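Everything on this sheet refers to the single structure shown next.
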Amino acid sequence: MTASTATRAQTRGVLYVHSAPSALCPHIEWAVGGVLGVASSMHWTPQPAQAHSYRAELSWAGEAGSAAAIASALRGWNHLRFEVTEEPTTGTEGARYSYTPDLGVFHAVTGLHGDLMIPEDRLKAAVVKASLGETTLVGEIDKLLGKPWDDELETFRHAGEGAPVRWLHQVV
């Protein structure tokens, strides 16, 4: 079998659009449809955590690497927050991408059970940065695990589940 006739592993995943302005919703569907090669239609519901924004979920099936292509197609769009996951296959590892306008893209490799798999060189770099006093080891590990993205997206995740949104305001 030649490289041109080889088929790529098939996988599946989920795109979670946590918040998007209404004008962006059809563009998201077109971008995702372009990546997957099929028209996508998402059920958009109001996002209570942010006025005038909407949320949607899309389960998808496609070639391994589709999550990366979806994240690339959507990254950099203002006022958009999303996560996209991809399940591992026998020949590929899984993936998780998170995006916020303030933080940009977070990517992690995921194992068979959904755990984040952090490469050895990234752990070593975190230890070196911490030993040089540039940061703390806990802070670097938090970044490797995507904690800043999780912290920012948490309100949008819970609001999407119908949970009441509770805003805390700084008192001066």
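The values are calculated or read from the model by the stated rules, or taken from the named source; none is laboratory data. No experiment lies behind these values; they were computed from the predicted model shown. All Cβ positions, even for glycine, are placed from backbone atoms using ideal geometry, and neighbour counts span all protein chains on display.
What the table below lists for this structure:
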| quantity | calculated |
| --- | --- |
| Tally, over the stretch 29-83, of residues that are crowded, with 16+ Cβ neighbours inside 10 Å, closer than 21 Å to residue 156 by Cα and among the polar types (S, T, N, Q) | 3 |
| Within the stretch 100-114, tally of residues that are more than 13 Å from the chain's Cα centre (by Cα) and farther than 18 Å from residue 64 by Cα | 1 |
| Test: residue in the stretch 159-170 that is under 29 Å from residue 43 (Cβ atoms), among the aromatic types (Phe, Trp, Tyr), modelled with pLDDT under 95 and surrounded by fewer than 16 Cβ atoms within 10 Å (Cβ to Cβ) | yes |
| Filtered residues of the stretch 105-122 (kept if of a type outside the set (D, E, K, R) and either farther than 12 Å from residue 146 by Cβ or in contact (Cβ under 8 Å) with a residue 60 or more places away in the chain (or both)) | 111, 112, 113, 114, 117, 119 |
| Residue count for the stretch 26-56, restricted to those that are in contact (Cβ under 8 Å) with a residue 24 or more places away in the chain, of a type in the set (A, V, I, L, M) and under 19 Å from residue 100 (Cα atoms) | 5 |
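Let's see how each residue does on (1) closer than 25 Å to residue 7 by Cα; (2) modelled with pLDDT under 95:
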site: 52; (1), (2): no, yes
site: 72; (1), (2): yes, no
site: 75; (1), (2): no, yes
site: 88; (1), (2): yes, yes
site: 99; (1), (2): no, no
site: 129; (1), (2): no, yes
site: 135; (1), (2): no, yes
